[in-house]
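A.B. asks: One structure, pasted below without further comment.
The values are calculated or read from the model by the stated rules, or taken from the named source; none is laboratory data. Everything quoted here is computed from the prediction, not taken from an experiment. No Cβ is skipped: glycine too gets one built from the backbone with ideal geometry, and neighbour counts run over all protein chains shown. Please note that ligands, DNA and RNA were not included when accessible areas were found on the heavy atoms of the full protein model with its side chains. Shrake-Rupley method; radii C 1.70, N 1.55, O 1.52, S 1.80 Å.
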Amino acid sequence: MNVRIALHHRTRYAYASGVTLGPQLIRLRPAPHARAEIVSYSLRIEPADHVVHWIHDPHGNHLARATFPDPAERFEVTVDLVAELGPINPFDFIVQPPFDFWPFESDEALRDQMPAYHRTEEAGPMLRAWLDSLDRTPRATVDLLGLLIGRLAAEVAYEIRYEPGIQTPEETFERGIGSCRDTAWLLVQTLRHLGFTARFVSGYLIQLATDGPGPDGGPPEVETDSPTFTPGPTSTCRGWVGSASIRPPACSRRRGISRWPARPSPSRRRRSRARHPNRPSSSIT
């Protein structure tokens, strides 16, 4: 059964006096390859006296470039979106040999096309210990991804963290706890060290009214994911396949999707303001 949802997003800046606004790049439009059907989308920008050009970044994402001829005392961006969500089979894809069995030889042509998605951070002692602890027994690629996700779900507790930035893998292991984006970035680094093509993406986590209050009674969060690229026949392979979506316990346990670690007590939560150069851009730059 499909569910139609409406999302309202507003970002507002106010200034004490008129300021000159430089060109603004707004990344608040669904990716063209999103599985959800986008029924309607609108973008409103204030001040009204502006010019918008829609452009694409190197990865095919939609960017709105707004320019303003006159000084402004406020800058406001409002997005209204209606999407239709339906059930999907996350395993509806085929991995082409020899990539269906790990370990596999890297595809040099693929690495040349997407070098950024193979770039690894220098592994600190805790990330290195984690990588060394992984079972390197040859196995089906999909089975390996499932084992990695299961271990991270068991070993890294979940927290809601509204501060900007992403923890490094070392910080996540040291604390033993992280938000969805922290665990997703840890998985991205793990996959890249194992020879996978992996990228970091973000989006909205929609908490349906029938599910009760959101985690901690807070607003919808930005959901992060770590898709891997699975080579395969064009007619059957989805290309980028979401491999790990680290969801708040209230959403996953209530629906019986999987058992994630219980939410830690407030005493275990620590505030972190660590920033990362690859943090997601879910707002305005």
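A.B. asks: Taking the condition surrounded by 10 or more Cβ atoms within 10 Å (Cβ to Cβ) and within 21 Å of His33 (Cβ to Cβ), does Leu63 pass? Let's see the steps before the verdict.
C.D. replies: Values: surrounded by 10 or more Cβ atoms within 10 Å (Cβ to Cβ): yes; within 21 Å of His33 (Cβ to Cβ): yes.
When the stated conditions are applied, Leu63 passes them.
A.B. asks: Pairs under 6 Å by beta carbon, first residue closer than 10 Å to Thr190 by Cα in the stretch 114-131, partner open to solvent by 30 Å² or more (accessible area, probe 1.4 Å), six or more apart or different chains?
C.D. replies: From the stretch 114-131, the pairs are Thr120/His193; Leu131/His193.
A.B. asks: Considering every residue within the stretch 209-224, establish whether at least one is polar (S, T, N, Q) and modelled with pLDDT of 65 or more.
C.D. replies: Narrowing the stretch 209-224 to residues polar (S, T, N, Q): 210, 224.
Now drop any that are not modelled with pLDDT of 65 or more, which leaves none.
No, that holds for no residue.
A.B. asks: On to the next question. Could you look through the stretch 1-22, keep only residues that are assigned to a strand (DSSP E or B) and hydrophobic (A, V, I, L, M, F, W, C), and pick out the one that is surrounded by the fewest Cβ atoms within 10 Å (Cβ to Cβ)? Steps first, answer last, please.
C.D. replies: Here is the first cut: in the stretch 1-22, the residues assigned to a strand (DSSP E or B) are 3-19.
Filter again for hydrophobic (A, V, I, L, M, F, W, C), leaving 3, 5-7, 14, 16, 19.
Values: Val3: 13, Ile5: 14, Ala6: 11, Leu7: 14, Ala14: 9, Ala16: 6, Val19: 14.
Going through the qualifying residues, I end up with Ala16.
A.B. asks: Okay, moving on. Restricting the search to the stretch 99-144, which residues are over 14 Å from Pro169 (Cβ atoms), open to solvent by less than 40 Å² (accessible area, probe 1.4 Å) and at pLDDT 90 or above?
C.D. replies: Passing the criteria: Trp102, Ala140, Thr141, Leu144.
A.B. asks: Okay, moving on. Determine, yes or no, whether Phe99 is on the phi < 0 side of the Ramachandran plot and either among the small types (Gly, Ala, Ser) or in a loop (DSSP other than H, G, I, E, B) (or both). Write out each step before concluding.
C.D. replies: Working: on the phi < 0 side of the Ramachandran plot: yes; either among the small types (Gly, Ala, Ser) or in a loop (DSSP other than H, G, I, E, B) (or both): yes.
Yes.
A.B. asks: Out of Thr78, Thr120, which single residue is part of a strand (DSSP E or B) and among the β-branched types (Val, Ile, Thr)? Even if it seems obvious, please write down each step before you answer.
C.D. replies: Values: Thr120 fails: part of a strand (DSSP E or B).
Of Thr78, Thr120, the one residue that is part of a strand (DSSP E or B) and among the β-branched types (Val, Ile, Thr) is Thr78.
A.B. asks: Let me ask something else about it. Out of all the residues in the stretch 68-89, is one or more of a type in the set (D, E, K, R), surrounded by 14 or more Cβ atoms within 10 Å (Cβ to Cβ) and over 30 Å from Gly18 (Cα atoms)? Walk me through how you get there before you give the answer.
C.D. replies: Let us first name the residues in the stretch 68-89 that are of a type in the set (D, E, K, R), namely 70, 73-74, 76, 80, 84.
After this cut, where a residue has to be surrounded by 14 or more Cβ atoms within 10 Å (Cβ to Cβ) as well, the list is 76, 80.
Now drop any that are not over 30 Å from Gly18 (Cα atoms), which leaves none.
No, the stretch 68-89 contains no residue that is of a type in the set (D, E, K, R), surrounded by 14 or more Cβ atoms within 10 Å (Cβ to Cβ) and over 30 Å from Gly18 (Cα atoms).
A.B. asks: Can I ask one more? Hey, can you tell me all the residues within the stretch 23-71 that are in contact with a strand residue (DSSP E or B) (Cβ under 7 Å, 6 or more places away or on another chain), modelled with pLDDT of 95 or more and part of a loop (DSSP other than H, G, I, E, B)?
C.D. replies: Result: Pro23, Pro47, His50, Pro71.
A.B. asks: Here's something else I'd like to know. Among the residues of the stretch 152-168, is any within 25 Å of His59 (Cα to Cα), open to solvent by 10 Å² or more (accessible area, probe 1.4 Å), charged (D, E, K, R) and not in a helix (DSSP H, G or I)?
C.D. replies: Within the stretch 152-168, the subset within 25 Å of His59 (Cα to Cα) is 164-168.
Subset that is open to solvent by 10 Å² or more (accessible area, probe 1.4 Å): 164, 168.
Still in the running and charged (D, E, K, R): none.
Within the stretch 152-168 (the criterion being within 25 Å of His59 (Cα to Cα), open to solvent by 10 Å² or more (accessible area, probe 1.4 Å), charged (D, E, K, R) and not in a helix (DSSP H, G or I)), the answer is no, since none of the residues qualifies.
A.B. asks: In this structure, is Glu170 at pLDDT 95 or above and more than 15 Å from the chain's Cα centre (by Cα)? Working first, answer last.
C.D. replies: Working: at pLDDT 95 or above: yes; more than 15 Å from the chain's Cα centre (by Cα): yes.
Yes.
A.B. asks: Continuing with the same structure: Is it true that Thr172 is open to solvent by less than 30 Å² (accessible area, probe 1.4 Å), among the β-branched types (Val, Ile, Thr), in a helix (DSSP H, G or I) and more than 25 Å from His33 (Cβ to Cβ)?
C.D. replies: Details: open to solvent by less than 30 Å² (accessible area, probe 1.4 Å): yes; among the β-branched types (Val, Ile, Thr): yes; in a helix (DSSP H, G or I): yes; more than 25 Å from His33 (Cβ to Cβ): yes.
Here the answer is yes, as Thr172 does meet what is asked.
A.B. asks: State whether one or more residues within the stretch 86-106 are without any contact (Cβ under 8 Å) to a residue 60 or more places away in the chain, under 30 Å from Ala140 (Cβ atoms) and of a type in the set (Asp, Glu).
C.D. replies: Start the filter on the stretch 86-106 by keeping residues that are without any contact (Cβ under 8 Å) to a residue 60 or more places away in the chain, which leaves 88-89, 91, 97-98, 100-101, 105.
With the extra rule that they be under 30 Å from Ala140 (Cβ atoms), the set shrinks to 88-89, 91, 97-98, 100-101, 105.
Adding the requirement that they be of a type in the set (Asp, Glu) leaves 100, 105.
Yes; the residues of the stretch 86-106 include at least one that is without any contact (Cβ under 8 Å) to a residue 60 or more places away in the chain, under 30 Å from Ala140 (Cβ atoms) and of a type in the set (Asp, Glu).
A.B. asks: Please go through (1) touching a residue at least 12 places away in the same chain (Cβ under 8 Å); (2) farther than 21 Å from Leu7 by Cα for His56 and return the number of the only condition it doesn't satisfy.
C.D. replies: All conditions pass for His56, except number (1).
A.B. asks: Keeping to the stretch 175-188, report how many residues are buried (at least 22 other Cβ atoms within 10 Å of the Cβ) and in a helix (DSSP H, G or I).
C.D. replies: The total comes to 9.
A.B. asks: Next question. Just give me the residues in the stretch 32-53 being touching a residue at least 40 places away in the same chain (Cβ under 8 Å) and open to solvent by less than 40 Å² (accessible area, probe 1.4 Å), in sequence order.
C.D. replies: Once the filter is applied, which keeps residues that are touching a residue at least 40 places away in the same chain (Cβ under 8 Å) and open to solvent by less than 40 Å² (accessible area, probe 1.4 Å), the stretch 32-53 yields only Ala36.
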